[in-house]
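A.B. asks: Just passing along the structure, written as structure tokens.
The values are calculated or read from the model by the stated rules, or taken from the named source; none is laboratory data. Keep in mind that what you see is a predicted model, and the values were worked out from it rather than measured. Cβ sites come from the backbone with ideal geometry, for glycine too, and all protein chains shown count toward neighbours.
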Amino acid sequence: MRLFIIGATGGIGQHLVRIGLERGHELTAYVRSPHKIAPHKQLNLVRGDLFNVGAMARSLAEHDAVLSAFGPTTIRTTTLRRDFGRTLASAMEECGVRRVQIVSAAFLFRKIGILGALLKPTLFRFMAPDMAAMEREIMKDELAWTIVRPPRLTNGALTRGYRIADGELPGHVISRADVADFMIQEAETPAHLHQIVGVAD
Ligand SMILES: NC(=O)c1ccc[n+]([C@@H]2O[C@H](COP(=O)([O-])OP(=O)(O)OC[C@H]3O[C@@H](n4cnc5c(N)ncnc54)[C@H](OP(=O)(O)O)[C@@H]3O)[C@@H](O)[C@H]2O)c1
């Protein structure tokens, strides 16, 4: 498959690239810092802007799916996530690519456990509405979307033993490698179209 990876230099994104290449896919990594990624013959490295529809659409054309692990680190008030979602949806419409998966966050589920319930209105109070706005931009009828909401991320090993649940959170921690593995599997064999998916180890 031809997969378009966003956030490829990050924790989950590096696993998306590694697993995607291992499974023989042809990848485009659309990044702001190409120097962070090692070249590979099946990897097309593009320096790109996540907030420019035309530039993104030109690079995105003729791919089978978009996999995003984009996430700004700020917890302050921002619209970066919403603006990214809006740009991506418009770019996809412009170039006719329909399949998309984006990493969001488990704190948007209603039932999130005690720690999540404490953090959502405090530490994550600005992040949560921006994350929800990003999801809304992507959950368009014309897109074949899957929203992936992981709980707390670790740098633990790839287990492939993760649990998946549509519309709810099946646990409270998952490795970045397992999130990426789920997304590559889901690209290959879509089983959660138009679903918000909870994943956990
Ligand atoms: N941490 C958790 O426990 C947790 C839990 C649930 C959900 N999440 C979500 O999962 C996301 C991915 O996690 P992660 O650990 O893979 O994050 P990460 O390592 O911080 O990676 C984030 C990626 O987004 C890119 N990025 C950030 N701001 C950008 C901008 N303005 N323009 C272009 N690219 C930008 C980064 O690019 P650069 O390398 O160029 O900076 C990087 O590739 C998080 O950002 C968060 O939204 C996190």
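A.B. asks: Which of (1) more than 12 Å from the ligand (Cβ to nearest atom); (2) surrounded by 22 or more Cβ atoms within 10 Å (Cβ to Cβ); (3) part of a strand (DSSP E or B) is the odd one out, the single condition Ala91 does not satisfy?
C.D. replies: Here Ala91 clears every test but (3).
A.B. asks: If you check Arg76, Arg82, Arg99, which single one turns out to be farther than 27 Å from Ala191 by Cβ and at pLDDT 95 or above?
C.D. replies: Details: Arg76 fails: at pLDDT 95 or above; Arg99 fails: farther than 27 Å from Ala191 by Cβ.
Sole residue among the options that is farther than 27 Å from Ala191 by Cβ and at pLDDT 95 or above: Arg82.
A.B. asks: Can you tell me which residues in the range 19-42 are under 15 Å from the mean Cα position of the chain (by Cα) and either modelled with pLDDT under 95 or part of a helix (DSSP H, G or I) (or both)?
C.D. replies: Within the range 19-42, Ile19, Gly20 qualify.
Yes or no, residue by residue, for (1) among the polar types (S, T, N, Q); (2) near the ligand (Cβ under 10 Å from one of its atoms); (3) in contact with a Phe, Trp or Tyr (Cβ under 8 Å, 6 or more places away or on another chain); (4) more than 29 Å from Ala200 (Cβ to Cβ):
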position: Leu16; (1), (2), (3), (4): no, yes, no, no
position: Tyr30; (1), (2), (3), (4): no, yes, yes, no
position: Gln42; (1), (2), (3), (4): yes, no, no, yes
position: Gly54; (1), (2), (3), (4): no, no, no, yes
position: Asp64; (1), (2), (3), (4): no, no, no, no
position: Gly71; (1), (2), (3), (4): no, yes, no, no
position: Cys95; (1), (2), (3), (4): no, no, no, yes
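A.B. asks: So Gly54 ticks every box in (1) farther than 28 Å from Gly171 by Cα; (2) outside any loop (DSSP other than H, G, I, E, B); (3) without any contact (Cβ under 8 Å) to a residue 24 or more places away in the chain; (4) of a type in the set (Gly, Ala, Ser) but one. Which box is left unticked?
C.D. replies: The single condition Gly54 does not satisfy is (3).
A.B. asks: Taking the range 97-137 as the search range and keeping residues that are farther than 15 Å from Pro150 by Cβ, surrounded by 15 or more Cβ atoms within 10 Å (Cβ to Cβ) and among the β-branched types (Val, Ile, Thr), which one is nearest to the ligand (Cβ to nearest atom)?
C.D. replies: Selected residue: Val100.
A.B. asks: Counting only residues that are away from the ligand (no atom under 16 Å from the Cβ) and surrounded by 13 or more Cβ atoms within 10 Å (Cβ to Cβ), which one in the range 140-165 is nearest to Leu67 (Cα to Cα)?
C.D. replies: Per the criteria, the residue is Trp145.
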